[in-house]
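Shown next, in structure tokens, is the structure this report addresses.
We did not get these values from a lab; they are worked out from the coordinates using the rules stated. Source: prediction; values computed, not measured. With ideal geometry, Cβ positions are generated from the backbone for all residues, glycine too; neighbour counts draw on all protein chains shown.
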Amino acid sequence: MKVAGLGQCSLDYIAFLERYPLEDTKEEAKALFIQGGGPVATALVSLSRLGVETEFSGVVSDDDAGRLIIKGLEDEGVGTRNVKVRKGGASQRAFIVVNGKTGTRTILWKRPTVVPLKVTEVNGEFLKGAGLLLLDGLMKDASLKAARLAKRLKIPVMLDAGKVRDGMIELARLSDYIVASEEFARGLKLKPKAALAYLASSNPRAVTVTLGKKGSVTWRNGKIFSQKVFRIKAVDTTGAGDVFHGGYIYGVLRKWDIRKTVEFASAFAALKCLKPGGRTGIPALKETLKFIKR
């Protein structure tokens with residue numbers, strides 16, 4: 001069963017440092033590397049590594065970054081037929097500084113300078129054979145069109161709600177599964193459990209709010225449960241949320257109980273953090289299941 005995803009794709013420039021530098025100083029990096037990134041794109045890569053067929057829809061320009069973004073997706077087996085390549089602009093890029101002491105990251109990013117996906121560029125062909133649609137809401141109009149089309153086709157919609165943006169609440173109301181960040185809850189001016197109740201008001205199948213080192217809280221059928229994080233020595237948390245979304249979708253596709261789904265997503269994301277980069281450490285299915293059992 002295929003997962004279709006519409007949203008951000010990026011080229012990430014990652015600097016791995018011993019410690020986060022002070023302002024107006026120089027710091028030698030332990031490692032510098034370039035890797036594809038972006039919430040929806042990386043979630044699809046993680047699903048591809050789990051053996052799920054995936055198809056991505058987004059926008060790049062005809063620059064070197066755009067070519068590397070597409071190559072990175074294709075090398076991972078993610079379909080790119082629905083990526084629009086616009087001429088004469090700059091693709092989305094991100095500059096990421098990883099603190100080697102804590103494993104935390106600081107991200108500076110710039111969205112593409114080219115025109116976002118148009119409503120007319122979203123059609124049923126993209127969703128053909130899909131068992132789920134993943135959205136991040138950055139391109140509001142295209143995302144809303146895709147969500148409404150998916151609802152008509154009875155395809156479940158999952159929203160990666162990373163930040164409160166224009167149209168995100170409307171998208172949430174069209175979604176069957178909502179995985180929101182703690183930052184999203186703060187943007188609503190709500191505490192995590194209050195945010196769960198607010199997002200659950202449209203009666204989705206499940207809502208989860210991720211809380212970083214504090215794990216996550218999930219609403220399902222009027223009940224709330226917590227999931228603790230798996231204890232690891234994090235090397236780099238870049239992309240952990242995106243990989244969590246991929247693991248969550250995998251559980252949904254397998255029709256697992258929501259507790260098992262969230263547990264798997266948490267373990268899947270934790271293992272990713274053992275290696276630098278948003279995609280380098282994405283684990284295999286067998287490795288993740290063994291880690292949970294251990």
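Assorted remarks:
- Within the shell of other residues whose beta carbon sits under 12 angstrom from the beta carbon of GLU28, the net charge comes to +1, with Lys and Arg scored +1 and Asp and Glu -1.
- Environment charge at VAL209 (Cβ cut-off 11 Å; Lys +1, Arg +1, Asp -1, Glu -1): +2
- Sum of -39500 (n - 2.57) over DSSP H runs of 4+, divided by residues of the chain (222 nm, nearest 500): -9500 deg cm²/dmol
- 3J(HN,Hα) couplings calculated from phi for region 28-33 with the Karplus curve 6.51 cos²θ - 1.76 cosθ + 1.60 (θ = phi - 60°) are, in sequence order, 7, 7, 6, 7, 10, 8 Hz; Gly and Pro show x.
- For VAL114, residues with placed amide H under 5 Å, excluding near neighbours: ALA90
- Between ARG19 and ILE224, the modelled labels are 3.8 nm apart [label points 7 Å from Cα along Cα→Cβ].
- Within the shell defined by Cβ-Cβ distances under 10 Å, the residues around SER46 carry a net charge of +1, with Lys and Arg each +1 and Asp and Glu each -1.
- Gaussian network model of the chain, Cα within-10 Å springs - most flexible of LEU47, LEU253, LEU171: LEU253
- Computed extension length for ARG152-ARG205: 17.4 nm, one decimal, from 0.36 nm per residue of separation with the Cα-Cα distance subtracted.
- Across the chain, the longest run free of exposed loop sites, meaning GluC sites (Glu not before Pro) lying outside DSSP classes H, G, I, E and B with no more than 15 other Cβ atoms within 10 Å, spans 29-294.
- Under 19 Å from the LEU188 label point (7 Å along Cα→beta-carbon), backbone N, region 129-168: 135-138, 144, 157-168
- Rounded to 5, the percent of DSSP beta bridges in the chain classed as antiparallel: 40 percent
- For region 211-246, the residues whose backbone nitrogen is under 15 Å from a point 7 Å from the Cα of LYS30, taken along Cα to Cβ, are 233-238.
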